[in-house]
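Participant: I have a structure I would like to understand better, so I am pasting it below and will then ask my questions one at a time.
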Amino acid sequence: MNWVQLAYLAAALCFILALKGLSTPRYARAGNLVGAAGMALAVVTAFFSVSHNLVLILVAVAAGTAVGIPAARQVKMTAIPQMVALFNGVGGAAAALVALTEFLEVADGGVLFDVATVLTVLIGSVSFSGSVVTFLKLQEIMTTRPVLLPAGQVISIAVAAVSGLLALAVLFTDSSALLVLLALAGLALGVLFVLPVGGADVPIAISLLNAFTGLAVAASGYVLGNTLLIVAGTLVGASGTILTRLMAQAMGRPLTNILFGAFKAAPPSAGGGEQRTVRAGTVEDVAILLGYAHSVLVVPGYGLAVAQAQHAARELAQLLESRGISVNYGIHPVAGRMPGHMNVLLAEADVPYEQLKELDDVNPGMGSVDVVLVVGANDVVNPGARDEPSSPIYGMPIFDVDKAKSVVFMKRSMRPGFAGVDNELLYNPKTTLLFGDAKESLTKLLTAVKAL
Amino acid sequence: MIDLLTIFVLAVFVGFEVVSKVSTILHTPLMSGANAIHGVILVGAILITGQAEGGIELVLGLLAVFLATVNVVGGFVVTDRMLEMFKGHKR
């Protein structure tokens with residue numbers, strides 16, 4: 001009986017159960033703990049199956065724990081995407097280092113070993129540097145706009161070609177110096193890959209890089225002949241791939257367009273100077289609208305989180321519910337800064353997950369919704385995405401809020417949304433605009449509804 | 001080698017099967033949970049460091065152990081924090 005292999009098998013099962021647990025919020029947390037237990041089992045098993053440098057390994061693990069736990073404990077929920085990007089990056093770097101080190105230790109491992117090594121080093125490096133750039137963009141340390149280098153595509157293709165040549169050269173020469181060069185080329189490739197991706201599309205880059213790290217880990221499993229690494233890496237690769245595809249669908253654009261076609265600057269609205277009338281309302285108007293509705297839908301966007309208005313929104317929703325009004329939240333798949341981010345932000349504010357609805361849950365019954373409250377969202381309710389083929393966001397599935405009986409649009413100003421596209425909904429006669437900071441407006445609304 | 005390939009192919013199918021059932025409201029925890037799982041590279045990092053004869057291999061191996069630990073520990077903790085918040089209607 002090979003206890004080590006058996007322990008790895010148990011760990012792999014734990015990982016699968018962890019992912020399976022996520023099919024419902026009720027078992028998700030338990031699933032994650034099972035996954036962590038599996039990881040602990042695997043790590044302890046690995047530790048007891050080696051004989052050298054044990055103390056140093058323990059020190060490195062302790063140091064990693066000392067960095068990882070406080071970072072994970074303290075991160076704000078709005079900053080989860082950049083944290084995930086960072087953890088993803090260090091995982092990719094670790095995979096590349098593992099393959100590189102194994103290559104130095106093993107004299108000649110054969111062709112398949114070399115191929116797996118080359119893949120791990122390349123993909124791991126791309127994932128690391130790409131994740132770092134993603135982090136810098138999300139943390140707004142660098143610009144969130146697409147960075148287009150002059151001849152950027154030519155440079156990218158050249159670096160990719162060099163990487164390919166280096167990879168081949170490593171296969172034939174077994175040279176570790178060339179492998180290091182390949183790692184550097186991979187780092188450059190990762191940076192070039194993420195730079196042109198615009199702020200709103202960064203979530204896609206994160207999920208793709210997540211898939212990359214998974215694949216790098218799976219490839220490193222070949223290098224080491226370790227089945228657990230193969231299984232776990234592949235699971236992550238699959239989940240990253242699925243999420244990437246779902247996100248691209250939610251944006252209504254093919255993946256290649258998102259990654260390589262950096263949003264063409266929105267065409268300036270023709271005519272320019274033409275002033276169109278909008279209807280701005282007062283807090284009291286909106287309070288009356290809400291207070292006498294039967295059904296209210298809240299469509300939150302990232303602006304809600306930026307204004308830290310989740311709690312105010314939930315309080316208002318509870319007040320309305322206590323008046324017998326049905327309140328739901330319409331969550332667009334791309335709301336927030338990564339897939340499903342808005343759900344996390346609302347859950348943090350104690351919004352019960354049963355009230356979080358998707359496009360398909362909400363759109364068919366939109367006609368019977370009395371008031372839609374759009375808070376800090378814009379593009380996801382823009383009818384242009386549905387009706388105007390010339391719109392840059394045409395094809396993106398949206399909430400058909402223009403079909404509801406009335407719409408309240410809470411906005412800071414008349415500035416267009418992230419994609420820089422004008423929103424026809426603002427000029428719709430059903431729409432009332434409520435200008436101001438989201439949190440402030442919601443708090444005022446709360447008082448006004450109470451006074452009804 | 002064909003054994004490893006078999007495992008890989010089967011894992012692809014298991015992965016797609018399991019993940020496509022994940023509830024959409026849990027996509028962020030899915031990503032961060034998957035993130036924690038690829039931290040399993042820590043196992044690989046320990047294995048190579050445990051046979052390193054010193055010098056550059058030892059340094060690189062230890063660096064890998066450190067980075068992978070950050071990945072694993074941080075990933076699971078942050079996922080747990082998120083999932084803790086997804087409570088049902090009865091509070």
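The values are calculated or read from the model by the stated rules, or taken from the named source; none is laboratory data. Since the model is a prediction, treat every value here as computed from it, not as a measurement. So basically every Cβ, Gly included, is an ideal-geometry build from the backbone, and we count neighbours across all protein chains shown. Keep in mind that these areas ignore ligands, DNA and RNA; they rest on the heavy atoms of the full protein, side chains included. Shrake-Rupley method; radii C 1.70, N 1.55, O 1.52, S 1.80 Å.
Participant: Please work out the Kirkwood hydrodynamic radius for the protein assembly as shown, using every pair of different C-alpha atoms, and report it in angstroms with one decimal place.
Facilitator: Evaluated over the protein assembly as shown, this radius sits at 24.3 Å.
Participant: Continuing with this model, one more query. Mind telling me which of B:A11, B:A64, B:A34 comes out most flexible in a GNM of chain B, alpha-carbon contacts under 10 Å?
Facilitator: Among B:A11, B:A64, B:A34, the largest mean-square fluctuation in the Gaussian network model of chain B belongs to B:A11.
Participant: Then there is this: Place +1 on the Cβ of every Lys and Arg and -1 on the Cβ of every Asp and Glu in region A:46-141, take the dipole about the Cα centre, and give the residue among A:A71, A:V118, A:N53 whose Cα lies farthest towards its positive end.
Facilitator: Farthest towards the positive pole: A:A71.
Participant: For A:A161 and A:T173 in one chain, what is 0.36 nm times their gap in residues minus the Cα-Cα distance, to one decimal in nm?
Facilitator: 2.5 nm
Participant: Let me ask something additional. Taking the solvent-accessible surface of protein heavy atoms with a 1.4 Å probe, what is the per residue accessible area of the protein assembly as shown in Å²?
Facilitator: On the way: 21920 Å² over 543 residues.
Each residue of the protein assembly as shown exposes 40 Å² on average to a 1.4 Å probe.
Participant: Carbon and sulfur atoms: what percent of the 1.4 Å accessible area of region A:169-233 do they account for?
Facilitator: Carbon-and-sulfur percentage of accessible area, whole number: 80.
Participant: In the structure shown, do any of A:K403/A:K439; A:K357/A:K403; A:K76/A:K439; A:K403/A:K430; A:K76/A:K450 have a Cα-Cα gap over 21 Å, and if so which?
Facilitator: A:K403/A:K439; A:K76/A:K450
Participant: Hey, another quick one. Given region A:302-381 reduced to its alpha-carbon atoms as identical point scatterers, what log10 I(q)/I(0) does the Debye formula return at q = 0.16, 0.26 Å⁻¹?
Facilitator: Here the Debye-derived log intensity ratios amount to -0.58, -1.60.
Participant: Any chance you could check the Cα centroid distance between region A:104-130 and region A:314-341 for me, in angstrom?
Facilitator: 46
Participant: How big is the dipole moment of chain B about its Cα centre under a simple scheme where the beta carbon of each Lys and Arg is +1, that of each Asp and Glu is -1, and everything else is neutral? Debye, nearest 20, please. Intermediate results must be reported in sequence, preceding the final value.
Facilitator: Numbers: 5 positive and 6 negative charges, 141 e Å.
Dipole magnitude for chain B comes out near 680 debye.
Participant: Let me have the 222 nm mean residue ellipticity of chain A computed from DSSP H runs of 4+ only, each contributing -39500 (n - 2.57), with the sum over all residues rounded to the nearest 500.
Facilitator: Computed mean residue ellipticity for chain A: -19500 deg cm²/dmol.
Participant: Among B:V40, B:V22, B:V72, whose mean-square fluctuation peaks in a Gaussian network model of chain B (Cα, cutoff 10 Å)?
Facilitator: B:V22
Participant: With an 8 Å Cα cut-off and a minimum separation of 6 or more residues, compute the relative contact order for chain A in percent. Mind showing how you got there, number by number?
Facilitator: Details: 740 pairs, mean separation 60.6, N = 452.
Result for chain A is 13 percent.
Participant: Still on this structure, I have one more. How high is the relative contact order of region A:1-74, in percent, counting Cα pairs under 8 Å that sit 6 or more residues apart?
Facilitator: Answer for region A:1-74 is 28 percent.
Participant: Ranked highest first by average number of other Cβ atoms within 10 Å, how do A:172-178, A:118-124, A:38-44 line up?
Facilitator: So the order, starting with the most tightly packed, is A:118-124, A:38-44, A:172-178.
Participant: Here's a follow-up. Between A:M142 and A:S413, what FRET efficiency comes out of the Förster formula 1/(1 + (r/R0)^6) with R0 = 25 Å and r the beta carbon distance, rounded to 0.05?
Facilitator: Working: r = 25 Å, r/R0 = 1.00.
Between A:S413 and A:M142 the formula returns 0.50.
Participant: To the nearest hundred square angstrom, how large is the accessible surface buried between B and A, total for both chains, probe 1.4 angstrom?
Facilitator: Buried area (both sides, nearest 100 Å²): 8100 Å².
Participant: Now for a separate question. How much net charge surrounds A:K405 when only other residues with a Cβ under 13 Å from its Cβ are counted (Lys, Arg +1; Asp, Glu -1)?
Facilitator: -1
Participant: Among the aspartates and glutamates, which fall within straight-line cross-link reach of A:K405, defined as a Cα-Cα distance under 16 Å, with same-chain neighbours fewer than 8 residues apart omitted?
Facilitator: Answer for A:K405, where 16 Å is the Cα cut-off: A:D285, A:D370, listed by chain and number.
Participant: Give, rounded to the nearest 20 debye, the magnitude of the charge dipole that the protein assembly as shown has about its Cα centre when Lys and Arg contribute +1 at Cβ and Asp and Glu contribute -1 at Cβ.
Facilitator: Dipole size: approximately 1360 debye.
Participant: Report the Rg/Rh value for region A:283-450, based on alpha-carbon coordinates and the Kirkwood definition of Rh.
Facilitator: 0.92
Participant: Taking Cα pairs under 8 Å and at least six residues apart, what relative contact order does region A:283-450 come out at, in percent?
Facilitator: Averaging sequence separation for qualifying contacts and normalising by length gives 29 percent for region A:283-450.
Participant: Separate question: Using packing as a proxy for protection, rank A:70-77, A:200-207, A:94-101 so that the peptide with the highest average count of other Cβ atoms within 10 Å comes first.
Facilitator: A:94-101, A:200-207, A:70-77
Participant: If you don't mind, there's one more thing I want to ask. Mind checking the mean number of beta-carbon atoms from other chains within 10 Å of the Cβ atoms in A:4-13?
Facilitator: The per-residue average across the peptide is 1.
Participant: For peptide A:205-212, how many partner chain Cβ atoms fall within 10 Å of a residue's Cβ, on average?
Facilitator: Details: counts 0, 2, 4, 0, 0, 6, 2, 1.
If you average over the peptide's residues, the count of other-chain Cβ atoms is 2.
Participant: Other chains' Cβ within 10 Å of A:33-41 residues: what's the mean?
Facilitator: 4
Participant: With the crude spin-label approximation of a point 7 Å out along Cα→Cβ, what separation in nm comes out for A:R26 versus A:H311?
Facilitator: 3.0
Participant: Let me ask another. Against the longest alpha carbon principal axis of chain A, how many degrees, from 0 to 90 and to the nearest 10, is the axis of helix A:54-74 turned?
Facilitator: 0
Participant: Let me ask you something else. Mind grabbing the base-10 log of I(q)/I(0) for region A:91-237 at q = 0.13, 0.14 Å⁻¹? Debye formula, identical points on the C-alpha positions, no solvent, two decimal places.
Facilitator: -0.56, -0.64
Participant: Label-point separation (nm) for A:K76 and A:L9, each offset 7 Å from Cα along Cα-to-Cβ?
Facilitator: 4.9
Participant: With Cβ to Cβ distances under 11 Å as the rule, what net charge do the other residues near A:A335 carry (K, R +1; D, E -1)?
Facilitator: Result for the local shell: -1.
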